[in-house]
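What follows is a single structure, written as structure tokens, with notes after it.
Quick note: the coordinates plus some simple rules give every number you see, no bench work behind them. Fair warning: this is a prediction, and the values are worked out from it, not measured in the lab. When we count neighbours, we look across all protein chains shown, and the Cβ atoms used for this are built from the backbone with ideal geometry, even at glycine.
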2 protein chains.
Amino acid sequence: MLRTKTIDDFLKTLASDAPTPGGGSVAALNGALGCALLEMVLDLTLGKEKFKEVWPDLEPIKTELEGLREELADSIDRDAKAYDTVTAAFKMPKGTPEEKTARKEAIQTALKTAAETPKATARYIHQVLKLAGDVAEKGNPNVLSDAGVGAACLLAGMEAALMNIAINLGGIKDEAYTHQMKIEIDFLAKEGEKLASAVMAYARKGIGLEEE
Amino acid sequence: MLRTKTIDDFLKTLASDAPTPGGGSVAALNGALGCALLEMVLDLTLGKEKFKEVWPDLEPIKTELEGLREELADSIDRDAKAYDTVTAAFKMPKGTPEEKTARKEAIQTALKTAAETPKATARYIHQVLKLAGDVAEKGNPNVLSDAGVGAACLLAGMEAALMNIAINLGGIKDEAYTHQMKIEIDFLAKEGEKLASAVMAYARKGIGLEEE
């Protein structure tokens with residue numbers, strides 16, 4: 001499991017020519033990192049009496065983020081598994097016409113799974129981003145930069161996930177499917193950009209970094 | 001050491017109210033992730049005969065990236081250590097006027113170290129980004145999305161590092177120092193945005209994701 005690797009080992013395997021992990025796992029990892037940073041901001045707000053007023057707003061967000069971080073951390077491995085299925089399908093025998101057909105079908109199925117996995121990652125990240133604005137605005141201002149960094153990670157994770165959907169769509173022959181997925185990519189790209197940029201701009205302003 | 005923690009443990013500590021790791025360590029981690037993804041693209045190019053023509057261009061880049069990844073991975077811990085020094089300085093006694101002066105000076109010194117650490121991270125990331133264009137354009141096009149994800153990580157790492165410089169500058173009284181640092185932040189922000197966006201746009205185009 002990638003989740004139980006050390007950071008050093010994960011980086012070393014990532015840098016190697018091993019087929020996994022790749023960009024799809026890094027997308028999920030960035031989603032989990034962004035989620036964790038927002039949770040840290042909440043921990044340093046829910047623990048302090050002087051922010052008592054916002055506790056009722058922030059407590060349910062904390063519970064939601066905990067669940068989303070677990071899904072995102074798990075998606076680091078889910079993505080690698082999906083990619084391994086693609087590699088296996090490409091290695092199937094193609095000696096007879098029957099084998100060729102079976103291989104083609106297996107590749108198409110595997111590519112769809114490999115596109116669905118980063119789509120799920122992108123959707124989890126979207127859910128986290130919908131909560132990020134409240135965390136940044138109502139959370140402890142001493143850790144506002146951490147909320148901003150969280151948003152930067154979530155945006156990188158979103159962009160990474162969408163690129164990983166797109167690269168798999170390239171090999172999928174089902175046009176109705178790819179058409180639908182492209183609509184989804186467009187929606188998630190716009191949402192991600194809008195939500196993450198708002199939090200990053202808020203954080204930058206709060207810590208004295210002018211907007212360009 | 002944070003580098004030798006598992007990803008699960010790192011995420012758990014990050015999400016907690018423990019003072020470290022925080023956004024500064026995540027900045028360095030994203031730099032290391034981006035670097036590793038570019039190295040992966042190189043590994044899958046330098047190993048394949050059909051890309052033989054670009055090997056001489058890419059081999060020296062690989063050596064450079066290996067060194068930069070090591071620096072960035074180490075910066076995950078360096079940042080946490082610098083932040084711990086700030087926390088320690090704030091906890092110094094302030095009973096007598098002498099103690100007050102000593103504490104103030106220790107805080108100022110610690111805050112400068114805490115600003116220099118993400119500045120070093122930002123500079124390493126800048127060096128990686130200067131190599132990213134060649135990796136994306138000359139590397140194996142089958143893993144173009146990984147180069148794009150790498151650039152997204154590097155951009156997030158850069159933004160994260162700059163926010164972490166800025167939040168420390170807030171407490172530093174030496175105006176000549178903060179003025180100089182702000183010039184540096186502006187330069188690195190523009191460079192990061194320019195270099196990363198170019199690679200991401202190139203990758204998006206190559207994998208069929210239209211630019212908005």
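Summary table
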{"read-out": "Convex hull projection area averaged over all views, the range A:73-192, Cα basis, nm²", "value": "8.1"}
{"read-out": "Per the axis that maps chain B onto chain A, nearest residue of B (Cβ criterion) and its distance in Å", "value": "B:Ala156, 2"}
{"read-out": "Inter-copy separations for A:Lys91, label at 7 Å along Cα-Cβ, nm, ascending", "value": "5.2"}
{"read-out": "Residue-averaged beta-carbon neighbours from other chains (10 angstrom radius) around A:28-36", "value": "5"}
{"read-out": "Formal net charge of residues neighbouring A:Lys138 (Cβ-Cβ distance under 10 Å; K, R +1; D, E -1)", "value": "-4"}
{"read-out": "Cα-based radius of gyration of the range B:71-128 once divided by 2.2 N^0.38 Å, which approximates compact folds", "value": "1.37"}
{"read-out": "Simple label model, 7 Å out from Cα along Cβ direction - B:Lys182 to A:Ala201, nm", "value": "2.1"}
{"read-out": "Burial order of peptide ranges B:79-89, A:111-121 (average beta-carbon count within 10 Å, highest first)", "value": "A:111-121, B:79-89"}
{"read-out": "From phi via Karplus (6.51, -1.76, 1.60), per-residue ³J(HN,Hα) for the range B:138-153 in Hz, x at Gly/Pro", "value": "9, x, 3, x, 5, 10, 4, 4, 5, 5, x, 5, x, 5, 4, 5"}
{"read-out": "Test item: Cα-centred dipole of chain B, Lys/Arg +1 and Asp/Glu -1 on Cβ, debye", "value": "540"}
{"read-out": "222 nm mean residue ellipticity, helices alone, for chain B (DSSP H n ≥ 4; -39,500 (n - 2.57); rounded to 500)", "value": "-28500 deg cm²/dmol"}
{"read-out": "Peptides ranked, highest mean first, by Cβ atoms within 10 Å: ranges B:25-36, A:196-207", "value": "B:25-36, A:196-207"}
{"read-out": "Mean Cβ neighbour count within 10 Å, used as a protection proxy, ranking B:128-135, B:92-99, A:170-177, A:137-144 highest first", "value": "B:128-135, A:137-144, A:170-177, B:92-99"}
{"read-out": "Neighbouring partner chain Cβ atoms per residue of B:137-147, average, 10 Å criterion", "value": "3"}
{"read-out": "Relative counts (whole %) of C-alpha pair distances in chain B, using bins that are 5 Å wide", "value": "1, 8, 14, 16, 16, 14, 12, 8, 5, 3, 2, 1, 1, 0, 0"}
{"read-out": "Net +/- balance of residues flanking A:Cys35 in space, Cβ distance below 15 Å, scoring K and R +1, D and E -1", "value": "-4"}
{"read-out": "Shielding by other protein chains, B:169-177, mean Cβ within 10 Å", "value": "1"}
{"read-out": "Cross-link pairs A:Lys138/A:Lys194; A:Lys190/B:Lys130; B:Lys94/B:Lys173; A:Lys91/A:Lys112; A:Lys81/B:Lys5; A:Lys182/B:Lys205 - those with Cα-Cα distance over 21 Å", "value": "A:Lys190/B:Lys130; A:Lys81/B:Lys5"}
{"read-out": "Relative contact order of chain A, defined on C-alpha pairs under 8 angstrom at six or more residues apart (%)", "value": "28"}
{"read-out": "Listed residues B:Met92, B:Gly67, B:Ala82: farthest to the positive end of the dipole of the range B:55-104 (Cβ charges)", "value": "B:Met92"}
{"read-out": "The range A:14-95, relative contact order [Cα under 8 Å, separation at least 6], %", "value": "47"}
